[in-house]
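The values are calculated or read from the model by the stated rules, or taken from the named source; none is laboratory data. On a predicted model such as this, the values are computed, not experimentally measured, just so you know. FYI the Cβ positions are ideal-geometry reconstructions off the backbone, even for glycines, and counts take in every protein chain you see.
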Amino acid sequence: MPVLVVRISDQEGTDLLANTVTNFSGGKFYELFEKCVESKDIILSVDSIVEVRLREGQNAQFMIADNADVDVYGQVTDDTYRPSAQVQDDPATANDRRNRDIFKTQKVCDVIVCGECSKPRCVYSDKKLTREQEELLLRLKEDHVYTCGDPMVAEDVEDPGMVVREAINCTTEVETSYFSTSLKHYLPPVCVHCRSVDSLLDDTDPYISGLFEQYSIVRPICQICKNNGKDARTWGKKFLPKRCRR
């Protein structure tokens, strides 16, 4: 009997399933995985990270969802390619894992813009910023020294009490937290892919309105990125009633 050991995290790093052991009586891997997800009412989204170990055969399997409306199935690998195995040799990812409890939407205190790609990156803090912290952040902004993947300050500088995600680079999309309701009153909408504020598709666009019929959240996307074949990022798939057969 195949045994699945499943861990799924949401876009903020919170466990949806944590090392859940699920027994099924035979079947292909993707069929077993679908049963596990459906039985737990889990919705995979754009940022869902899935780690699965199939004990029968000792094969490690993992998936990263490219988009919420795309079927995502595992790919047999060895343990080298499991996300949890990779982070051990990556200091930036290790720092992000250590700060995972701070990387929450409600703990975003500001944003800082990358000096190379101009993408806004969220600044997180456990507490309201002091005047000294606000002045430090202002200096960092004015000096344009921050680049995607950098820590807030050099390692030999005293902890400023503010953090940014470090396991990113200039190709990484704008963070989900940037689009939170609490930040909308002072942060402009930007394309999730390229950070452009121009030519954003509005809610009346057929493509966007069609996505809103299926998902509760649709992140902004500009016309250029759409023309280049990129998709809008979505979250919260709606459960539409099935049509009765006659």
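For every residue, the table says whether it meets (1) surrounded by 14 or more Cβ atoms within 10 Å (Cβ to Cβ); (2) under 25 Å from G236 (Cα atoms); (3) modelled with pLDDT under 90; (4) among the aliphatic types (A, V, I, L, M).
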residue: D110; (1), (2), (3), (4): yes, no, no, no
residue: V145; (1), (2), (3), (4): no, no, yes, yes
residue: D150; (1), (2), (3), (4): yes, no, yes, no
residue: A154; (1), (2), (3), (4): no, no, yes, yes
residue: K184; (1), (2), (3), (4): no, yes, yes, no
residue: C191; (1), (2), (3), (4): yes, yes, no, no
residue: D202; (1), (2), (3), (4): no, yes, no, no
residue: P206; (1), (2), (3), (4): no, yes, no, no
* **Residues (on the phi < 0 side of the Ramachandran plot and of a type in the set (S, T, Y)) located in the range 96-131** => T105, Y124, S125, T130
* Which residues, counting only those in the range 192-210, are outside any helix (DSSP H, G or I) and over 23 Å from the mean Cα position of the chain (by Cα)? -> D198, S199, T204, D205
* Any idea which of (1) touching a Pro at 6+ places or on another chain (Cβ under 8 Å); (2) farther than 27 Å from V197 by Cβ is the one V111 doesn't satisfy? -> (2)
* Within the range 122-139, restricting attention to residues that are hydroxyl-bearing (S, T, Y) and in a loop (DSSP other than H, G, I, E, B), which residue is nearest to R195 (Cα to Cα)? -> S125
